[in-house]
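Here is the structure we will look at, set down as structure tokens.
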Amino acid sequence: SWVIQASHASQMQLVPLAAIDIPDGKALQFWTKAEGWEAPVSLGLVRKGEPLKVAIDQLPPLIEDQLFEFTVEQASGSPTGKPTGPIQSIGRAVRMI
């Protein structure tokens with residue numbers, strides 16, 4: 001499980017809630033996609049047990065119900081720039097008050 005925290009400040013942080021087994025020679029790649037986008041956007045590769053920080057100003061605008069997912073990819077990431085491996089986790093954005 002993961003928690004994705006984003007604020008109007010300057011970054012989004014991905015925090016692992018439990019250790020995930022990543023096969024040798026593979027990596028987890030973090031993606032997002034909102035309605036109307038042509039393709040998912042990679043937010044980077046996730047290292048086992050480490051938080052990932054992404055600068056919000058490098059992202060498309062965050063919206064409610066936006067899709068976030070993790071796929072298993074080659075160690076260097078997807079060779080196509082789009083998800084190619086199996087989905088390991090998927091969720092949608094909600095606004096917290």
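The table that follows gives values for the structure above.
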item	result
Lysines whose Cα lies under 16 Å from that of Lys26, excluding same-chain neighbours fewer than 8 positions away	Lys48, Lys82
Carbon + sulfur, % of accessible area of the chain - ligands and nucleic acids excluded, 1.4 Å	51 percent
The stretch 8-32 residues near the modelled Ser89 label - backbone nitrogen below 12 Å, point 7 Å along Cα→Cβ	14-22, 28-31
Interchain or long-range residues, amide H under 5 Å from Gln88's placed H	Phe70, Thr71, Val72
Asp65 paired with Ser10, simple spin-label distance in nm, labels 7 Å along Cα-to-beta-carbon	3.3 nm
Simple spin-label estimate for Ile20 and Ala55 in nanometres, 7 Å along Cα-Cβ	2.4 nm
Amide H contacts under 5 Å for Ile20, placed H, 5+ residues apart	Gly49
Where chymotrypsin sites (Phe, Trp or Tyr not before Pro) fall in DSSP loop in the stretch 1-61, at most 14 other Cβ within 10 Å	Trp37
Neighbourhood charge, 13 Å Cβ-Cβ cut-off, centred on Met12 and excluding it, Lys, Arg +1 and Asp, Glu -1	0
Qualifying trypsin sites (Lys or Arg not before Pro) for the stretch 38-97 [loop in DSSP, other Cβ within 10 Å: at most 15]	Arg47, Lys48, Arg95
³J(HN,Hα), Karplus 6.51/-1.76/1.60, whole Hz, each residue of the stretch 40-48, x for Gly, Pro	x, 10, 6, 9, x, 8, 9, 8, 3
Charged-residue dipole, Cβ positions (Lys, Arg, Asp, Glu), the chain about Cα centre, Debye nearest 20	140 debye
Value of Rg to Rh for the chain (Rh from inverse mean 1/r over Cα pairs, i.e. Kirkwood)	0.94
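The values are calculated or read from the model by the stated rules, or taken from the named source; none is laboratory data. Being a predicted model, the structure only gives us computed values, none of them experimental. Cβ atoms come from the backbone with ideal geometry, glycine included; neighbour counts cover every protein chain shown. Please note that ligands, DNA and RNA were not included when accessible areas were found on the heavy atoms of the full protein model with its side chains. Shrake-Rupley method; radii C 1.70, N 1.55, O 1.52, S 1.80 Å.
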